[in-house]
Structures are given as structure tokens and as C-alpha cells.
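Each value in this text was obtained by applying a stated rule to the coordinates, not by laboratory testing. Computed from a predicted model, the values in this text were never measured in an experiment. Using ideal geometry, Cβ is built from the backbone for each residue, glycine included, and neighbour counts are taken over all protein chains shown.
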Amino acid sequence: MNRPHHGTIFLEDACVTALQAFPGHQYLLRLEAPQCAARATPGTFVHLQCAADIPMRRPLSIMNADPATGTIELLFKVVGIGLRALAHTTPGARLSVLGPIGRGFEPDPARPRAVLIGGGVGMPPLRFLATRLATGGAWRPIAFFGSEVPFPFRPARAATALHGIDHRIDASDPLLESLGVPSRLASLATFDGCYRGYVTALAAEWLAALHAAERNDVAIYACGPAAMLQAAAAVARDFGLPAAVCLEEHMACGVGGCAGCVVPVATPDGPAMKRVCVDGPVFDARAVYPEIFAGA
């Protein structure tokens, strides 16, 4: 029997090393999970048992993985009893972690200017991707993040201006700023220095300021709510760009057995139902949203 994920997903008794709270019921969790940390790639996730008395696991995107220290970082927003219990965990606690799971982002070296578009809890895999690309040679990532609650970090002031973006829009991600990766933040709320509007509109303004030849180096990578991903796909269509989207779906088993997270995807052989957990969560935007690209 074909078992493509055999030997790539690990079950670990992970130790909580830190839990940091942010406004908006958001939390950054750091776990010592060396097998997962050694193999995680941007876009993959873990299936985490939130508490000993809650058997149903929760899928959480990996925001960072450090093979040297054997740690992974997860950002989550409290929704339901499982994540509420996880928000009360303490350093030293042990949590069962299954991961890394899924097919992550596969950046195209022929398009080194990676445009990362993240919304809400869709930011973590893109922060992970930005971190990897920032240390990966010729890549030129740029990130646009949006949130309607306070960001899970203290926004920094951008060190450099971005062509096509109003200079007053200067709120940026401090982690990416420290790595030399330009970023800008968007929100419909009145957060200081943020673009007032949707994050996809902010990305579109920047793309529109590029020359056509410059856009030949661009590819879009997005993660966030379904409506945001559809808008990101429309931006890719409008500018004639390839795009990869990381889907968010409810999951039960997380390893492809229950088929509870299937989505329709266009394939060369016609429409097919694909499991977000193991066939994704990253897919080609054209395959997930063929109707958006129809006639493009």
C-alpha cells in the first residue's frame, strides 16, 4: 500500500517552554518537540492535544521551528474549550504533539520576489516562510499582514519606504524588520500606522507600482480566512501572477484518515476531492479557485 506520509509525521510528548499572551485572546506557545522541529517547513502544522482531559486534538500552523534548540512556536487564538484550556497551560507541562503534517509552501526560485499575504491566524506560516527565505540567498520576500484585532506583536516602524505605498503607512512586523524583510500591516480598525482597508488591497497597491518586467519575478503566497484567500487569488489573476494558498479547514484526525477536511480541487483529470491535512494545506490557487481564474 502506498503510504507517502509514512515516516514523516512524528508523535512526541512535547514540553511547554513558554506561553505568552497577546491582546485579542491570542497566545504564542513554544514547545520542545525536536523531531517536529527538525522536519517542519513553512505551511506545515501540528495536531496538538490541548489538555489531558480533552482527547480531540487541534490543528495549529507552525510559526517557527528551530532544529538547533528542538523547539517549535505556535500562535493560536482562543476559540472553543480546547484552545481555552491550552491558554491556561504552564511551562513544564507535557502536551502530545503530532507533526509536522501536510504539504507546505514550495517557493519558485525563478520568482525570487515572494509576496506574502497573511490574515489573522494565517500569519504564522508566512512569518515562518519569511524567516526561511530571509536566510536563503537570492530571495526577496515582502510581507503584508492584516488583522481586525491587535496584532500578536508590538508593531515596529518601518526603516525604509515602499514604492507605491503612502509613507504614513509605516507599521511593520518587528521580527521581519529585524531580518531585513520589508512588511506592512493593514486593518479596518484604527491601529496607528496601518493601512485602513483589506490586506489584499494593500498588496495590490504595491504590485500596481511595479513595472511589468519587475512582476515577472513575483509569486504570491497567502494564508488566512477563505474570503481573504479568494481576494488574494483575484489579485494574482489581475496581475497575471502564480499564487499558492494555505487553506484553513476544520479537521478531526489531521492525518488523512477521516476525510473530514476535503475540498474540491481542479486537476488535469478533472475535479477531485483533496484532503487539506495531507494533500495540502498548501495548494495552487488556480486549482482551488478555478472560477476566479476562468478566462484569465
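Worth a mention:
- Matching option when the condition is surrounded by fewer than 19 Cβ atoms within 10 Å (Cβ to Cβ), within 30 Å of LEU98 (Cβ to Cβ) and without any contact (Cβ under 8 Å) to a residue 40 or more places away in the chain, among ALA213, ALA201, ALA252, ALA226: ALA226
- Test result for VAL121, β-branched (Val, Ile, Thr) and closer than 28 Å to ALA33 by Cβ: yes
- Just one residue in the set ALA85, ALA114 is surrounded by fewer than 24 Cβ atoms within 10 Å (Cβ to Cβ) and more than 18 Å from TYR198 (Cα to Cα); that residue is ALA85.
- Qualifying positions in the stretch 82-124 - more than 12 Å from the chain's Cα centre (by Cα), small (Gly, Ala, Ser) and farther than 19 Å from PRO242 by Cα: GLY82, ALA85, ALA87, GLY92, ALA93, SER96, GLY99, GLY102
- Top-ranked residue of the stretch 252-296 - restricted to ones that are in a helix (DSSP H, G or I) and under 20 Å from the mean Cα position of the chain (by Cα), ranked as nearest to PRO107 (Cα to Cα): ALA285
- Filtered residue count, the stretch 33-70, keeping only those that are under 25 Å from ARG154 (Cα atoms) and touching a strand residue (DSSP E or B) at 6+ places or on another chain (Cβ under 6 Å): 8
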